[in-house]
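Accompanying notes for the structure given below.
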Amino acid sequence: MAASDTRPPSPRSPVTRPVTARVPAKVNVQLAVGGRRPDGFHDLANVFLAVGLHDEVTATPAESLRVTVEGTDAPHVPTDHTNLAARAAIALAARHGIAPDVHLHITKDIPVAGGMAGGSADAAGALVACDALWGTKTSRTELLALCADLGSDVPFSLVGGAALGRGRGELLTPLETGGTFHWVFAVADGGLSTPAVYRECDRLREETGAGATVDDVPDPEPSEALLTALHTGDPAALAAAVTNDLQPAALSLRPALAETLRAGADGGALASLVSGSGPTCAFLAKDAEAAQDVATALAASGTCRTVRTASGPAPGATVTTP
């Protein structure tokens, strides 16, 4: 039988016009990292907050799968099948026994390789956009399972809001928030590889003699003070509780980030920390006006490529096409 005869059927999309999904960035207000597991991953207590920097993923019927990208850092985003959005479309199509015939157009506004889950956001956006385009009516449980297979941060990009991630970060418990939190993000030149940052975290732990495996490092747990601060909407209390166990590793690989953190603190930020695996630095402000002051100070400091402001929580992946 010819290879073309074994190809899954093309999806019969009930929607012929493009479908667009909007997906937020994230900041980790707590990232507690356990020891290295035998499979190489680390258990986490990862408190996510979605913030209002968004990518958009538009799915359009096509003869085959292709990806195009525009916007912030677009030249640094792959457009072949290694793109996480493309992998998401392939996974969803395989789940339903159809071919992934779709044109995915990604409009980037989330920094690339910046520790804000831009690639994960695109994957979640592709899932919901393709599901709507193809009319596959995938359940929320199935979508979350596909997300978890694609990457540790992808489930949160689908869910949004605020959530505690356990396991690799993919096992989510939604969290209630009592208000809006205002953030400033200092985007660095270049990116940092997440696996490289985790390896450096392990190396630094081993260097102390304490060890880096699950037998050496206590199980990560969420901070009760931090969860309370989120629930009450108190930015000062949240600032006192934010932590990132990957920050020493990110600073070890990119020492100049320390100057960025100092510039934000000097500019009036309540808290300064590396976002996830970096190199974007996140600064919590008292309110929107204070966030603008911090942003102005950072822009004048010359310690970062660009500065963005955003607030959270923000909704997860959402189809925006009428």
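Among the numbered conditions (1) touching a residue at least 12 places away in the same chain (Cβ under 8 Å); (2) out of contact with any helix residue (DSSP H, G or I) (no Cβ under 6 Å at 6 or more places or on another chain); (3) surrounded by fewer than 22 Cβ atoms within 10 Å (Cβ to Cβ), the only one that Gly160 does not meet is (3). Scanning for something over 23 Å from Ala45 (Cβ atoms), crowded, with 21+ Cβ neighbours inside 10 Å and in contact with a helix residue (DSSP H, G or I) (Cβ under 6 Å, 6 or more places away or on another chain), does region 183-197 turn up at least one residue? So far as region 183-197 goes, yes, one or more of its residues are over 23 Å from Ala45 (Cβ atoms), crowded, with 21+ Cβ neighbours inside 10 Å and in contact with a helix residue (DSSP H, G or I) (Cβ under 6 Å, 6 or more places away or on another chain). Give me a count of the residues in region 145-157 that are surrounded by 21 or more Cβ atoms within 10 Å (Cβ to Cβ) and in contact with a strand residue (DSSP E or B) (Cβ under 9 Å, 6 or more places away or on another chain). The qualifying residues number 5.
When Thr232, Thr228, Thr213 are checked against the criterion of being in contact with a helix residue (DSSP H, G or I) (Cβ under 8 Å, 6 or more places away or on another chain), surrounded by fewer than 18 Cβ atoms within 10 Å (Cβ to Cβ) and at pLDDT 95 or above, a single residue qualifies: Thr228.
Could you tell me whether Asp109 is over 14 Å from the mean Cα position of the chain (by Cα) and among the charged types (D, E, K, R)?
Answer is no for this residue.
Screening region 237-322 for strands (runs of 3 or more DSSP E) wholly inside it with 1 or more residues that are modelled with pLDDT of 95 or more and either among the aromatic types (Phe, Trp, Tyr) or more than 28 Å from Glu221 (Cβ to Cβ) (or both) returns the ranges 281-285, 306-312. Just to be sure before I move on: is Val187 farther than 30 Å from His103 by Cβ, touching a strand residue (DSSP E or B) at 6+ places or on another chain (Cβ under 9 Å) and outside the structural domain of His103 (by TED's automatic domain parsing) in the structure I sent? No; evaluated as a whole, the condition is false for this residue. The requirement of being more than 17 Å from the chain's Cα centre (by Cα), surrounded by 21 or more Cβ atoms within 10 Å (Cβ to Cβ), over 30 Å from Glu224 (Cα atoms) and small (Gly, Ala, Ser) is fulfilled nowhere in region 63-85; no residue meets it.
Among residues of region 94-119 being at negative phi and out of contact with any strand residue (DSSP E or B) (no Cβ under 8 Å at 6 or more places or on another chain), the one that is modelled with the lowest pLDDT is Val112.
The values are calculated or read from the model by the stated rules, or taken from the named source; none is laboratory data. Being a predicted model, the structure only gives us computed values, none of them experimental. So basically every Cβ, Gly included, is an ideal-geometry build from the backbone, and we count neighbours across all protein chains shown.
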